[in-house]
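Readers should treat all values here as calculations from the given coordinates under stated rules, not as data from a laboratory. Small disclaimer: the values here were computed from a predicted structure and weren't measured. Note that we place each Cβ from the backbone using ideal geometry, even for glycine, and neighbour counts take in every protein chain shown.
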Amino acid sequence: MASPSIPETSPAAPAPAAPPNPEPVPQPDVLPPSKVTGEFNVLCYTFLMLFMVSFIVWAIFSWTGYGQRYAPHADGWYKGGTRSIEVTLVREDMQNLACASDVAFEGMHCAFRANQKPFDLQGAEDRLLLRPYYTVDQVLFLGAGLWNSLGMTGQLPKERFSIVCNYHMVGSLKSASLRWQATGPFAPAKDAVPVGLLTECVIPQ
Amino acid sequence: MTPAKMVRGVVETGRAAWQDAVDRWGAQGRIQRITSCLLAFMIVGGVILRIQGVGYPPHNTFDEQFYGPTTHHILLGVPDLHDFHPPLGKLLGAIGLLLFGFNSVGWRFMYLCFGLQTIIVGFWLTREIFASRRAAWLAAAFIAADGFFIAHSRTAFIDIMLVCMILWSILAVITARTWRGIAVTGILIGLATSIKWSAAQTLVPAVLVVLLYRRVPWYTIFWFGLAPIVHFFIWMVGLRLMGHASDPAAILAVIRSSMTSLHDLGKFDNPLASAWYTWPVFYHPIVVKLSSSGTTSRYASSLGNLVFSFPAALLIVGLPLARGLTTWRVAWRRYWPAFFDASFTRAVLVLATGWAALQALFVVSMGKHSFFYHYLTPYAFAIIVLAGVVAKLERRWPRAVLAYVTLAVLVALYFVPVWGEFALTLQEANRRLIFLPWRP
């Protein structure tokens, strides 16, 4: 039985010829009301997608060795990294600057222990003695070997001067106290500080 | 559930999705099929363009210095507060460093992933808000083939994470059916705000969705109160990882200090700054990555696809105005329903509110500290409106939409070299970055 909404065609009328290769009529693309009761389905899909995207990109980069290609060009503020740094000093900083901590890194340590007694009664070589410095862009770090690398204080300027060194970072120290004047008190560093070796220091001309 | 059952479930889901795609392809007309192929080309091309050569240059460019090194300091426990923004962007960025080490691929990896994810979230949000798969595919293709999103996906720059997380928040509130969905939205807004504070403005469109769609009781909006709790928690984790004090007083002090610094930045001139009202016309897009080698340079310009940017801005401003006018004048009331149904109207109002709300901060309080990249999130809302309108138009005028999409592809192909960091001579670059404010 025909639906009342569809007009019936007369049996005498010739049936219209079907067009060759009829093109599909574009369908409206409105989604039906959701039957899904779980409201978190879409969020779960998208969350999983982020994992999948990250995994696929990681797999592509790892498989092609893409990350390794750029590894040597990093900035150097990381354990094992070397970077160029600039520091300003006065000659007296060799005596003024000191730190206190019980921790040693590859033989490098502060001049004083945490209880502020000397670390090594015999005295340590400058290349093993950590001192606190600020870079010109205000990054605090502990470095050893600066004065040794500069050739001690012989030909150093009398006024404040600037030096550039290679800094090889070996670790990070959280529990250090710092002193900025020879007769001044030690104050605990609020935050962790990079620790490393300063080499090839030069006074820029 | 056994692993075998899970694998079988995934295979069956994939097979059903493929069958669904084949059925839909069969239901499309010839013109629509050509349009579909162009959309697929835009999506695939956009994905490839984002990934290729992302590690170049192997040093920080533009504002990457605030995110790559800072992220590294978080991992080392070395204190670093020289970036004023909340820590979540950098915490997420740290995943890249854990996978690849501290190098340009490592510090750009997660931003790239979020850049790709933005295409997916854009798809789902459009699908849910317009209840149209076609609009969703159009939105995904428009986002994929737009230089604004491409350049930011290739840069260690937190705005691409921000836009992704904000779209995700709106998706969550659109799909919410109980208080739990609203609570999840609150958490997502808290996460977005922990990338950049400007994301707090997402609360405006989110509240509008609750009130306008009425799928959940109005008082569930109090669950958005989870956002500041999440934000506070993320700060605590970030500060602790960086070796700072992380008690509530210290967190408040850091937040106050960072906000003061950001506010103070607004007092200084910056040659890259641009007023908010110039953003929709792409007056001063920023080249967010630039590197030179010999006589060639590589550019990642945040200039959008002009075929999308101007119509998107016109629509997101014009449609709510038109709606207002047709309500105001009795004689015009019949025009709006002739073109747009109630659900479309709601969607446009939500997206337009999001577009306006996410610029509001820069209109009222940021002084000179407003940059073109602050338009990235509002632009995503505008693109979604554009996709919704184009999908509607396609039902009546498929040929016109095919012509429009073809034009978009051609324009994209022309600008691809300055979006995807191809090696270009100055003349080749200037031929694309025609106006002086477009150049670095």
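Computed values, structure above
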{"read-out": "Charge-dipole axis of chain B as Lys and Arg at +1 and Asp and Glu at -1 on Cβ define it, positive-most pick from B:TYR67, B:PHE268, B:THR377", "value": "B:THR377"}
{"read-out": "Relative contact order (%) - criterion: Cα under 8 Å, at least six apart; region: chain B", "value": "20 percent"}
{"read-out": "Distance cut-off 31 Å, percentage of C-alpha pairs in the protein assembly as shown lying past it", "value": "59 percent"}
{"read-out": "Charge tally in the Cβ shell below 10 Å around B:GLY181, where Lys, Arg are +1 and Asp, Glu are -1, B:GLY181 excluded", "value": "+2"}
{"read-out": "For B:LEU116, net neighbour charge (Lys/Arg +1, Asp/Glu -1) across residues whose Cβ lies under 13 Å away", "value": "+3"}
{"read-out": "Average silhouette area of the stretch B:1-72, convex hull of alpha-carbon atoms, in square nanometres", "value": "9.5 nm²"}
{"read-out": "Convex hull volume per residue in cubic angstrom - Cα atoms of the stretch B:29-438", "value": "144 Å³"}
{"read-out": "Exercise: per-residue mean of other protein chain Cβ atoms within 10 Å, B:391-401", "value": "1"}
{"read-out": "Overall form of the stretch A:82-202 per C-alpha gyration tensor (a/c, 1.5; a/b vs b/c)", "value": "rounded"}
{"read-out": "Gaussian network model of chain B, Cα within-10 Å springs - most flexible of B:MET236, B:MET110, B:MET259", "value": "B:MET259"}
{"read-out": "Ranked packing of B:67-75, A:161-169, most packed first, by mean Cβ within 10 Å", "value": "B:67-75, A:161-169"}
{"read-out": "Whole-angstrom gap from the stretch B:310-343 to the stretch B:98-132, using each part's C-alpha centre", "value": "33 Å"}
{"read-out": "Point-to-point label distance, A:VAL164-B:PHE435, nm (Cα→Cβ direction, 7 Å offset)", "value": "4.0 nm"}
{"read-out": "MRE, 222 nm, helices only [DSSP H, n ≥ 4, -39500 (n - 2.57), over the protein assembly as shown, to nearest 500]", "value": "-17000 deg cm²/dmol"}
{"read-out": "log10 of Debye I(q)/I(0), alpha-carbon scatterers only, for the stretch B:37-115 at 0.20 Å⁻¹", "value": "-0.84"}
{"read-out": "Sorted peptide list for B:83-93, B:320-330, criterion being average Cβ within 10 angstrom, highest first", "value": "B:83-93, B:320-330"}
{"read-out": "Neighbourhood charge, 11 Å Cβ-Cβ cut-off, centred on A:ALA144 and excluding it, Lys, Arg +1 and Asp, Glu -1", "value": "-1"}
{"read-out": "Peptide B:178-190 - average C-beta neighbours from other chains (10 Å radius)", "value": "1"}
{"read-out": "Per-residue mean of C-beta atoms belonging to partner chains within 10 Å, peptide A:47-56", "value": "5"}
{"read-out": "Per principal axis, descending, Cα span of the stretch B:182-312 in whole Å", "value": "58, 44, 29"}
{"read-out": "Full-stretch length increase - B:TYR213, B:LYS267 - with 0.36 nm per residue and alpha-carbon distance subtracted", "value": "15.3 nm"}
{"read-out": "Chain lengthening between B:LEU98 and B:VAL11 when straightened (0.36 nm per residue, less Cα-Cα)", "value": "28.1 nm"}
{"read-out": "Cβ crowding within 10 Å averaged over residues, with B:214-225, B:266-277 ranked highest first", "value": "B:214-225, B:266-277"}
{"read-out": "Signed unit charges on C-beta, dipole axis of the protein assembly as shown, positive-most listed residue B:ILE221, A:VAL170, A:THR135", "value": "B:ILE221"}
{"read-out": "Calculated FRET efficiency for the pair B:LEU413/B:ALA342, C-beta based, R₀ 45 Å, to 0.05", "value": "0.70"}
{"read-out": "Inter-label distance, nm, simple model (7 Å from Cα along the C-beta direction), B:ALA275/B:ARG24", "value": "4.4 nm"}
{"read-out": "Residues in the stretch A:42-60 that a label on B:ARG177 would reach, taking backbone N under 13 Å of a point 7 Å out along Cα→Cβ", "value": "A:42-43"}
